[in-house]
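Quick note: the coordinates plus some simple rules give every number you see, no bench work behind them. Treat the numbers as computed from the prediction; the structure is a model and nothing was measured. Note that we place each Cβ from the backbone using ideal geometry, even for glycine, and neighbour counts take in every protein chain shown.
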Amino acid sequence: MDFHTLSKNYEKEYLENVMELLKIPSVYEEDPVYPYGKPIHDALEKMLSIGEEDGFITKNVDGHGGHIEFGDGDEIIGVLGHLDVVPAGAGWTTPPLLNRP
């Protein structure tokens with residue numbers, strides 16, 4: 001399988017998904033319901049929904065993280081990432097969460 005060609009076929013969709021995630025101001029905030037605050041919860045839910053839309057099995061782990069899985073078997077590959085951001089400080093020349101490629 002030519003993964004480079006395959007990835008090019010999904011480039012537009014990938015960029016649209018990233019732009020949607022970048023709109024979410026996923027900065028930590030105290031919240032009695034969500035472990036890391038509502039914005040981080042929203043980013044996690046958005047990422048999991050993208051996985052579901054693409055046919056993957058997803059799981060929210062009590063708001064602390066999530067899984068996006070494909071296939072089955074005894075061996076797995078894990079890819080770790082995070083969806084939270086640090087608060088935007090001064091010095092930006094454009095809005096920090098601006099939705100543009």
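Summary table
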read-out: Projected area averaged over orientations for the chain, convex hull of C-alpha atoms, nm²; value: 8.5
read-out: Lysine pairs meeting the criterion (Cα under 18 Å, 8 or more apart or interchain), as found in the chain; value: 7
read-out: Full-extension gain in nm, Leu97 to Asp62, via 0.36 nm per residue minus C-alpha separation; value: 10.0 nm
read-out: Charge dipole (debye, nearest 20) of the chain; +1 at Cβ of Lys and Arg, -1 at Cβ of Asp and Glu; value: 540
read-out: Length released on extending from Val18 to Met1, taking residue separation times 0.36 nm less the Cα-Cα span; value: 3.7 nm
read-out: Descending semi-axes in Å of segment 21-61, equivalent ellipsoid built from Cα gyration tensor; value: 21, 12, 5
read-out: For the chain, calculated [θ]222 nm from helices alone, where every DSSP H run of n ≥ 4 adds -39500 (n - 2.57); value: -10500 deg cm²/dmol
read-out: Inter-label distance, nm, simple model (7 Å from Cα along the C-beta direction), Asn9/Ile77; value: 1.8
read-out: Rounded to whole Hz, the Karplus (6.51, -1.76, 1.60) HN-Hα couplings of segment 14-26, x for glycine and proline; value: 4, 5, 4, 5, 4, 4, 5, 5, 5, 6, 7, x, 7
read-out: Linear extension gain, Phe70 paired with Ser49, 0.36 nm per residue minus alpha-carbon span; value: 6.1 nm
read-out: Loop-located GluC sites (Glu not before Pro) in segment 51-101 whose Cβ has at most 16 other Cβ within 10 Å (DSSP); value: Glu75
